[in-house]
Amino acid sequence: MDSIVKSVLNLSVLSATNFPVGLQSHVEDVIRTIKKKSIEVFTVAIYGMEGSGKTTVAKAIYNHIHGTFKEKSFIEDISQVSRTRGYAYIQGKLLSDLLKSNVEIHSVQKGRSMLRRRLVGKKGVDCT
């Protein structure tokens, strides 16, 4: 299991659709916005109807910009994962990706504390 996790964590790009009809303009719009706000901490929300290509757009954006970051994480379908596994699981996944080791979080408060300790002082990160 560890070897599978490590091989997935080392992927440089995420698998996206082979036929991204209309994808490029959406990706370029978001990347332009990210570049304009490059010194700020902000959130990009992609929303729409089920099956409208949100995950495909998110993966394409990630594939374009992931090389600019030393530490990164891509968590697919957070709303579904949070409903089935909880926020502590998502925090553990994020920390596992950033630390490149398996991290299990048993409470959201513990996850917040660990994320704050891990991210404090990082460029562009506000841990308040």
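In segment 52-69, which residues are in contact with a Leu (Cβ under 9 Å, 6 or more places away or on another chain) and not in a helix (DSSP H, G or I)?
Residue satisfying the conditions is 53 alone.
Yes or no, residue by residue, for (1) touching a helix residue (DSSP H, G or I) at 6+ places or on another chain (Cβ under 8 Å); (2) modelled with pLDDT under 85; (3) buried (at least 16 other Cβ atoms within 10 Å of the Cβ); (4) not assigned by TED's automatic domain parsing to the domain that holds residue 47:
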residue	(1), (2), (3), (4)
75	yes, no, no, yes
80	no, no, no, yes
91	yes, no, yes, yes
101	no, no, no, yes
104	yes, no, no, yes
108	yes, no, no, yes
113	no, no, no, yes
116	no, no, no, yes
125	yes, yes, no, yes
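Tell me which of these residue 72 doesn't satisfy, since it passes every other one: (1) more than 25 Å from residue 50 (Cα to Cα); (2) assigned to a helix (DSSP H, G or I).
Every condition holds for residue 72 apart from (2).
The values are calculated or read from the model by the stated rules, or taken from the named source; none is laboratory data. Just so it is clear, the structure is predicted and the values come from calculations on it, not from any experiment. Counting neighbours? That spans all protein chains shown, and the Cβs are built from the backbone with ideal geometry, glycine included.
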